[in-house]
Amino acid sequence: MCKCDKEKFYITTAIAYASRKPHIGNTYEVIMTDAVARRKRQEGKDVFFMTGTDEHGMKIEALANEAGISPKAYVDGVSGEIKQIWDLVGASYDKFIRTTDDYHEKTVQRVFKKLYEQGDIYKGSYEGWYCVPCESFFTETQVVDGKCPDCGRPVEKANEEAYFFKMSNYQDRLLKYIEEHPDFIEPESRRREMVNNFIKPGLQDLCVSRSSFKWGIPVDFDDGHVIYVWIDALFNYATGIGLELDDDGNIVKNEQFEHYWPCDVHVIGKDIMRFHSIYWTIFLMALGLPLPKKIFGHPWFNFGADKMSKSKGNVIYADDLVRRFGVDGVRHYCLAEMPYNSDGSITYENIITRYNSDLANNLGNLVSRTLAMTHKYFDGIIPSPDTPEPVDDELKAASAEAYKLVGELMDSFHIADASDEAFAMLRRANKYIDETTPWLLAKDEAKKPRLGTVIYNLLEAIRIGAILLTPFIPTTSETILDLVAADTRSLESAKTFGGLTVGNKVGDPKPLFARIDEEKLLAEIEAERRSAAALAADAANAATESADADSVNPKPEGYAIIGYDDFMKVELRTAQVIACEPVKRAKKLLRLELDLGYEKRQVVSGIAKFYKPEELIGKKLIVVANLSPATLCGVESQGMILASGEEQVRVVFLDPETPLGERVR
């Protein structure tokens with residue numbers, strides 16, 4: 001990649017951990033980062049936006065074992081699902097990196113070896129407490145009532161040989177850098193937390209390898225050790241744009257890396273600020289590389305006042321929201337409702353209120369009314385603004401103010417405030433309609449020139465609003481610009497009122513956002529929740545009955561019985577039957593070999609009474625993919641296929657065109 005004349009802007013999200021499907025709180029980060037990236041592209045910058053997945057560690061190894069598949073097969077599935085969700089919400093990333101990519105693993109190994117050879121890493125042993133979800137070690141004094149001080153989950157005793165990084169060697173240098181660069185960590189509250197809670201009290205040496213599990217990048221000079229998550233995962237920001245080391249540990253010249261590094265901003269969740277602002281920064285210092293310009297720690301989305309938790313049943317997923325509110329409806333809520341420094345709140349009631357208020361009533365109504373009047377009074381042709389009045393100046397001033405404030409607020413990562421300013425300008429345009437009463441002007445032919453000016457001003461305000469909202473609701477903004485026949489769509493053109501071409505013909509009015517009936521939609525959501533819970537209960541009952549009927553291991557050890565409250569843990573995937581045969585000594589059972597696209601597995605099902613093997617081969621169906629293996633009549637079953645009925649069982653077959661391995665919910 002060649003350097004260009006444009007000013008570069010390199011932005012990243014934290015890479016998502018490939019353990020489970022991300023909820024809307026996780027998805028917010030990529031939506032926010034995308035909005036910033038789109039804004040910088042509007043400003044003419046050479047933007048590189050990177051995201052991806054973190055795919056190693058003890059937790060993933062354990063989850064893969066529970067699912068009865070290899071860790072690589074497991075992360076292939078989850079990483080693919082994460083990428084699908086990022087694509088679904090309109091993330092315009094330039095690179096999706098995976099820490100299982102071979103180039104990443106190779107560079108991380110060489111980085112580890114270089115740090116070891118220059119004395120930053122030493123070999124020792126660790127004895128203390130370990131939190132599997134956080135993948136972090138804690139001392140006796142840090143643990144709170146036997147639980148992780150970060151996430152509150154139980155910790156487990158750990159004692160193993162490991163390599164450690166001498167963090168204390170860089171403590172003073174890091175503190176000096178942060179003090180000399182007050183904008184390095186934002187918001188300010190996060191900077192104070194890092195300095196006062198972690199750096200000034202003294203940095204402990206950091207465990208950077210593990211020897212108690214295998215799923216990780218091997219330490220190539222010491223068998224039995226894998227490189228721990230922080231060196232592995234954090235270096236994605238550099239390897240993804242071309243950082244390489246040769247066999248001697250020297251950094252290889254790479255035009256792309258030299259062009260884009262240092263990163264302009266790492267966008268991360270507030271919970272991993274320590275790892276980025278301290279660990280990552282020190283690793284870069286140790287290698288002699290420039291530090292990122294900014295690390296921004298965003299807050300979280302809570303479900304109402306509570307933290308999202310699968311155990312509480314209050315988790316909301318992006319794909320479910322998109323199905324109900326559309327991509328731009330979801331993007332708008334996330335970006336408009338997350339404060340700069342404090343946690344945001346998400347409930348279906350709040351989403352509906354925000355959707356109706358901003359998108360249906362304000363934006364949608366303004367566009368629809370204005371287009372309708374343009375067609376009614378001027379046959380859809382943009383009229384000339386030849387008859388100005390003082391009230392017009394107020395609308396123009398509001399547009400100019402919105403242009404200025406949206407830019408300033410986006411630059412300082414006050415994303416919700418930037419969104420509010422854009423919608424405030426649109427509300428001013430709606431008020432302008434009431435002030436100018438175009439329907440009354442239309443009654444007097446002598447006032448038609450003034451009517452034309454009013455219509456032009458409304459169309460122009462809409463054009464400017466659509467340009468300002470492009471980073472937030474890109475698809476809708478593009479549609480609006482088409483509808484108002486905008487020839488000029490650059491950000492710079494929104495700075496000056498009057499960019500529409502007189503004589504262009506606007507599009508026909510159409511609803512951009514239909515108003516939502518809150519009571520009806522909430523009832524539908526509740527009905528879906530009850531139906532899903534009933535399906536989970538039926539699946540659990542079917543599993544128990546199938547095992548009992550065979551009088552063999554009625555509750556096989558490790559068999560995952562999915563209860564009513566645990567439905568959100570169920571992983572349903574599409575698969576195709578590629579082989580099928582009866583199970584010996586079991587009249588009711590068939591052994592099905594399934595192709596999930598990313599792997600093959602066998603499932604035993606009690607449907608022999610209802611289907612012949614040849615009737616199933618080639619059919620596509622749904623499999624519960626994350627059940628622990630069960631042994632039925634001596635044959636291992638690695639999942640369960642979905643079927644309905646009791647007296648007459650019917651397998652749920654899918655359209656032949658259905659892709660394999662897709663997540664059903």
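Scan the range 4-27 and tell me whether some residue there is modelled with pLDDT under 95, among the hydrophobic types (A, V, I, L, M, F, W, C) and open to solvent by 20 Å² or more (accessible area, probe 1.4 Å). There is at least one residue in the range 4-27 that is modelled with pLDDT under 95, among the hydrophobic types (A, V, I, L, M, F, W, C) and open to solvent by 20 Å² or more (accessible area, probe 1.4 Å). Which ones in the range 422-447 are without any contact (Cβ under 8 Å) to a residue 40 or more places away in the chain and under 43 Å from the mean Cα position of the chain (by Cα)? Residues satisfying the conditions are Ala424, Arg428, Lys431, Asp434.
Residues are listed down the side, and each one gets a yes or a no for (1) surrounded by fewer than 19 Cβ atoms within 10 Å (Cβ to Cβ); (2) part of a loop (DSSP other than H, G, I, E, B); (3) in contact (Cβ under 8 Å) with a residue 40 or more places away in the chain:
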site: Lys253; (1), (2), (3): yes, yes, no
site: Val267; (1), (2), (3): no, no, yes
site: Lys293; (1), (2), (3): yes, yes, yes
site: Gly297; (1), (2), (3): no, no, yes
site: Asn302; (1), (2), (3): yes, no, yes
site: Asn314; (1), (2), (3): yes, yes, no
site: Ala336; (1), (2), (3): no, no, yes
site: Tyr340; (1), (2), (3): yes, yes, yes
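Taking the numbered list (1) closer than 30 Å to Val454 by Cβ; (2) polar (S, T, N, Q); (3) surrounded by fewer than 18 Cβ atoms within 10 Å (Cβ to Cβ) in turn, Thr353 passes all entries but (1).
Residue-level check: of (1) farther than 22 Å from Ile60 by Cβ; (2) among the acidic types (Asp, Glu); (3) in contact with a helix residue (DSSP H, G or I) (Cβ under 7 Å, 6 or more places away or on another chain), Glu593 misses just (3).
Could you list, in sequence order, the residues of the range 196-212 that are part of a loop (DSSP other than H, G, I, E, B), open to solvent by 10 Å² or more (accessible area, probe 1.4 Å) and touching a residue at least 24 places away in the same chain (Cβ under 8 Å)? Within the range 196-212, Lys200, Gly202, Leu203, Gln204, Asp205, Ser211, Ser212 meet the criteria. Scanning the range 239-248 for residues that are farther than 20 Å from Val30 by Cα and modelled with pLDDT of 95 or more yields Gly242, Leu243, Glu244, Leu245, Asp246. Checking the range 554-576 against the condition returns a match, with at least one residue being at pLDDT 90 or above, under 22 Å from Ala73 (Cβ atoms) and not hydroxyl-bearing (Ser, Thr, Tyr). The single condition among (1) open to solvent by 10 Å² or more (accessible area, probe 1.4 Å); (2) more than 19 Å from Leu284 (Cβ to Cβ) that Val219 does not meet is (1). Quick check, is Ala67 among the hydrophobic types (A, V, I, L, M, F, W, C) and more than 19 Å from the chain's Cα centre (by Cα)? Spelling it out, Ala67 is indeed among the hydrophobic types (A, V, I, L, M, F, W, C) and more than 19 Å from the chain's Cα centre (by Cα). Inside the range 475-498, can you point out the residues that are part of a loop (DSSP other than H, G, I, E, B) and farther than 21 Å from His375 by Cα? Hits for the range 475-498 are Thr488, Arg489, Ser490, Leu491, Thr496, Phe497. Filter the range 18-46 for residues that are within 30 Å of Asn626 (Cα to Cα) and either charged (D, E, K, R) or assigned to a helix (DSSP H, G or I) (or both) and give the result. Selection gives Arg20, Lys21, Ile24, Gly25, Asn26, Thr27, Tyr28, Glu29, Val30, Ile31.
The single condition among (1) touching a Lys or Arg at 6+ places or on another chain (Cβ under 6 Å); (2) within 30 Å of Val624 (Cα to Cα) that Tyr163 does not meet is (2).
Each row is one residue, and each column tells you yes or no for (1) over 30 Å from the mean Cα position of the chain (by Cα); (2) touching a residue at least 24 places away in the same chain (Cβ under 8 Å).
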residue	(1), (2)
Ile346	no, yes
Glu349	no, yes
Ser357	no, no
Leu366	yes, yes
His375	yes, yes
Gly380	yes, yes
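When Ile282, Ile231, Ile278 are checked against the criterion of being surrounded by 19 or more Cβ atoms within 10 Å (Cβ to Cβ), of a type in the set (A, V, I, L, M) and closer than 27 Å to Lys83 by Cβ, Ile231 stands alone in meeting it.
Every condition in (1) assigned to a loop (DSSP other than H, G, I, E, B); (2) surrounded by fewer than 24 Cβ atoms within 10 Å (Cβ to Cβ) is met by Pro471 except one, and the failing one is (2). Within the range 611-619, is even one residue within 14 Å of Ala579 (Cα to Cα), aliphatic (A, V, I, L, M) and without any contact (Cβ under 8 Å) to a residue 60 or more places away in the chain? Yes; the residues of the range 611-619 include at least one that is within 14 Å of Ala579 (Cα to Cα), aliphatic (A, V, I, L, M) and without any contact (Cβ under 8 Å) to a residue 60 or more places away in the chain. For Val624, are the conditions met, namely being closer than 21 Å to Leu63 by Cβ, touching a residue at least 40 places away in the same chain (Cβ under 8 Å) and β-branched (Val, Ile, Thr)? It is true that Val624 is closer than 21 Å to Leu63 by Cβ, touching a residue at least 40 places away in the same chain (Cβ under 8 Å) and β-branched (Val, Ile, Thr).
The criterion of at least 3 residues that are under 21 Å from Leu491 (Cα atoms) and either open to solvent by 40 Å² or more (accessible area, probe 1.4 Å) or in contact with an Asp or Glu (Cβ under 9 Å, 6 or more places away or on another chain) (or both) is met by the following helices (runs of 4 or more DSSP H) wholly inside the range 367-466: 390-411, 415-436.
Checking Ser551 against (1) open to solvent by 80 Å² or more (accessible area, probe 1.4 Å); (2) more than 27 Å from the chain's Cα centre (by Cα); (3) modelled with pLDDT of 55 or more: exactly one of these is not met. Which one? Result: Ser551 fails condition (3) only. Taking the criterion of being crowded, with 21+ Cβ neighbours inside 10 Å, within 19 Å of Arg585 (Cβ to Cβ) and among the small types (Gly, Ala, Ser), the residues of the range 608-644 that qualify are Ala630, Ser637.
The values are calculated or read from the model by the stated rules, or taken from the named source; none is laboratory data. Because the structure is a prediction, the values reported are computed rather than measured. No Cβ is skipped: glycine too gets one built from the backbone with ideal geometry, and neighbour counts run over all protein chains shown. The area values use the complete protein model at the heavy-atom level, side chains included, leaving out ligands, DNA and RNA. Shrake-Rupley method; radii C 1.70, N 1.55, O 1.52, S 1.80 Å.
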